[in-house]
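See below for the structure under consideration.
Read-outs throughout are calculated quantities, based only on the coordinates presented, and are distinct from any laboratory measurement. Small disclaimer: the values here were computed from a predicted structure and weren't measured. As a convention, Cβ positions derive from the backbone with ideal geometry for all residues, glycine included, and neighbour counts pool all protein chains shown.
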Amino acid sequence: MIYFDAAYVAKCYLNEPGAERVRDVAHQADGLGSCELARIEFASILKRHVRERHITRREVSTVLREFEEDEGNGVWHWYAITSALIEKARQSILQLPSTVFIRLGDALHLTCAEENGFREVYTNDRHMLAAARPFRLKGVDVVGER
C-alpha cells in the first residue's frame, strides 16, 4: 500500500498536470491510503476547480461518483484523525528544527503516514516533501521527476 496526499488523490480523478504519472503509480499499487483529512481536502480541490472554471458542477458529480465507487470497492484506505494523532503531530511540530517549514495539513499527513507504518509519502507539495525526513519518511514526487 502507498500513501497519497490530497494532491495525488485529486490527480487520480482530475486531468491535472502529472495526473497520468500518478495514475500509473496508483494502478501498480496494492492499495492506496491516506489520512481522512484528504477526503476534505479533495472536496476543497474540487470546489477550487469549479471556482476557477476548470471543471463544471456536472463534472464534479461524475468525479464524486467515481471516487465514491472506488471507496466502496476498497481502493482507498482512510486512516482516522484521532486525539492521539493530533497530539503526536503537535509534539512533532514543536520538536522540528526552526528551519523546517510545516503546515497543519502536512503535519497531520506526515504523522499519519509515519504512525501507520508507511516509509514513503507521495506528493508534489514541495513543503511536505521537504518536511518528510524529520518524520522518518521519504517524500516521493512522481510528477516532478524527469
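For the range 1-36, what are the residues that are hydroxyl-bearing (Ser, Thr, Tyr) and touching a strand residue (DSSP E or B) at 6+ places or on another chain (Cβ under 9 Å)?
Tyr3, Tyr8, Ser34
Among the residues making up the range 94-110, a single one is buried (at least 18 other Cβ atoms within 10 Å of the Cβ) and among the β-branched types (Val, Ile, Thr): Ile102.
Residue-level check: of (1) of a type outside the set (Phe, Trp, Tyr); (2) under 14 Å from Phe4 (Cβ atoms); (3) surrounded by fewer than 16 Cβ atoms within 10 Å (Cβ to Cβ), Arg51 misses just (2).
The C-beta contact set for the range 116-136 (first residue free of Cβ contacts under 8 Å to residues at least 24 places away in the same chain, second residue outside any loop (DSSP other than H, G, I, E, B) and among the acidic types (Asp, Glu), distance under 7 angstrom, 6+ apart or interchain) comprises Arg136/Glu114.
Residues in the range 32-48 that are closer than 23 Å to Met1 by Cα and not hydrophobic (A, V, I, L, M, F, W, C): 5 in all. Taken over the range 111-140, the criterion of being part of a helix (DSSP H, G or I), touching an Asp or Glu at 6+ places or on another chain (Cβ under 9 Å) and crowded, with 18+ Cβ neighbours inside 10 Å is satisfied by Cys112, Ala113, Met128, Leu129, Ala131, Phe135.
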